[in-house]
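Chemist: Pasting in a structure now, in structure tokens, and then I'll have a few things to ask.
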Amino acid sequence: MAEIVLYMSVSLDGYVAGPDDSVDAPMGIGGFRLFNWLDRRNDPGPSGQVYAEAMATRAVISGRRTYELAGRWQGDHHDGVPIFVLTHDVPEEAPPGSVRYVTDAAECAAQARAAAGDGTVLVHGAGAAQALLRAGELDEMELHVVPVLLGAGRRLFDHLPAEVVELEPVRQLTTPEVTHLHYRVHHP
């Protein structure tokens, strides 16, 4: 069965976007700093390894906000893999490319797992990550922790219930630009 893995860049103080994120400023003020490590995505070494793993995934789950702020990836996140957008409201217009809108986190996970087969499902977006975690459907997290404090913005884990979620460290890869931390989520 496919593993569902969150891949997110995050500041040391837990933000995935700076303040005032919008369509015109998708990462908010200072938020694009979280992606400087991608300048080394094609190099040998930790960042290249992690980026290659993300691009080898066989399906994508995205939150609606992330999907919209990313320009809908023009209907193709990478190589035509199916994209499942977790949303509260399904728009009337047909989605582009391989995109499907899904309103239930467990159903979204089931569809993405089926589409990925024995591969991995990549998750983008704080809202999607939180919904999948609450539904018990998030298997692992690959957090790209950037040594910067944004001070405000959109936090990765801001709206979770007050309960302990145990994580098992799987891997830590460090460069001067970023520390890639990989965790397995333990479900009760």
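The values are calculated or read from the model by the stated rules, or taken from the named source; none is laboratory data. No experiment lies behind these values; they were computed from the predicted model shown. Cβ: placed from backbone, ideal geometry, glycine included. Neighbour counts: every protein chain shown. Please note that ligands, DNA and RNA were not included when accessible areas were found on the heavy atoms of the full protein model with its side chains. Shrake-Rupley method; radii C 1.70, N 1.55, O 1.52, S 1.80 Å.
Chemist: What is the sum of charges around Leu149, taking Lys and Arg as +1, Asp and Glu as -1, for the other residues whose C-beta is under 15 Å from the C-beta of Leu149?
Modeler: Neighbour charge sum, excluding Leu149 itself: +2.
Chemist: Going from the alpha-carbon gyration tensor of segment 120-188, what semi-axes, largest first and in whole Å, does one get by taking the root of 5 times each eigenvalue?
Modeler: In descending order, the three semi-axes are 21, 16, 11 Å.
Chemist: Give, in whole angstrom and from largest to smallest, the semi-axes √(5λ) of the equivalent ellipsoid of the chain, with λ running over the eigenvalues of the Cα gyration tensor.
Modeler: 23, 19, 18
Chemist: Largest first, please: the extent of the C-alpha atoms of segment 38-127 along each principal axis, to the nearest Å.
Modeler: Result, largest extent first: 43, 28, 23 Å.
Chemist: Additional query: Principal axes first, then extents: for the Cα atoms of segment 84-138, list largest minus smallest coordinate on each axis, whole Å, largest first.
Modeler: 30, 23, 17
Chemist: Sticking with this one: Using only the Cα atoms of segment 50-99, what semi-axes does the equivalent ellipsoid have when each is the square root of 5 times a gyration tensor eigenvalue? Give whole Å, largest first.
Modeler: Values for segment 50-99, descending: 20, 11, 9 Å.
Chemist: Same structure again: Quote the FRET efficiency, to the nearest 0.05, computed for Arg100 versus Arg41 with a Förster distance R0 of 25 Å and r equal to the Cβ-Cβ distance.
Modeler: 0.40
Chemist: Also, quick follow-up: Find out how many positive minus negative residues lie around Ala135, taking Lys and Arg as positive, Asp and Glu as negative, among other residues whose Cβ is under 14 Å from that of Ala135.
Modeler: With Lys, Arg at +1 and Asp, Glu at -1, the net is -3.
Chemist: For the ranges 115-128, 155-168, what's the packing order if you count other beta-carbon atoms within 10 Å of each residue, average per peptide, and put the highest first?
Modeler: Output ranking for 115-128, 155-168: 115-128, 155-168.
Chemist: Now for a separate question. Sort 11-18, 23-30, 90-97 for me by packing, meaning the mean count of neighbouring Cβ atoms within 10 Å per residue, highest on top.
Modeler: 11-18, 23-30, 90-97
Chemist: Can you give me the Kirkwood hydrodynamic radius for segment 17-77, using every pair of distinct Cα atoms, in Å to one decimal?
Modeler: In segment 17-77 this quantity evaluates to 13.1 Å.
Chemist: Still on this structure: Alpha carbon centre of segment 118-175 versus segment 86-110: separation in Å?
Modeler: 21
Chemist: Percent antiparallel among DSSP beta bridges with both residues in the chain, to the nearest 5?
Modeler: Given both bridge residues lie in the chain, the antiparallel proportion sits at roughly 40 percent.
Chemist: Please compute the per residue accessible area over the chain with all protein chains in place, 1.4 Å probe, rounded to a whole number of Å².
Modeler: On a per-residue basis, 50 Å².
Chemist: Just reorder His187, His182 by solvent-accessible area, largest first, 1.4 Å probe, all chains present.
Modeler: Order by accessible area, largest first: His187, His182.
Chemist: Over the chain, with every protein chain in place, what whole percent of the accessible area is carbon and sulfur at 1.4 Å, could you tell me?
Modeler: Roughly 52 percent, rounded to a whole number.
Chemist: So how much slack lies between Glu177 and Ala52, counting 0.36 nm per residue of separation and subtracting their Cα-Cα distance, in nm?
Modeler: Extra length available between Glu177 and Ala52 comes to 43.3 nm.
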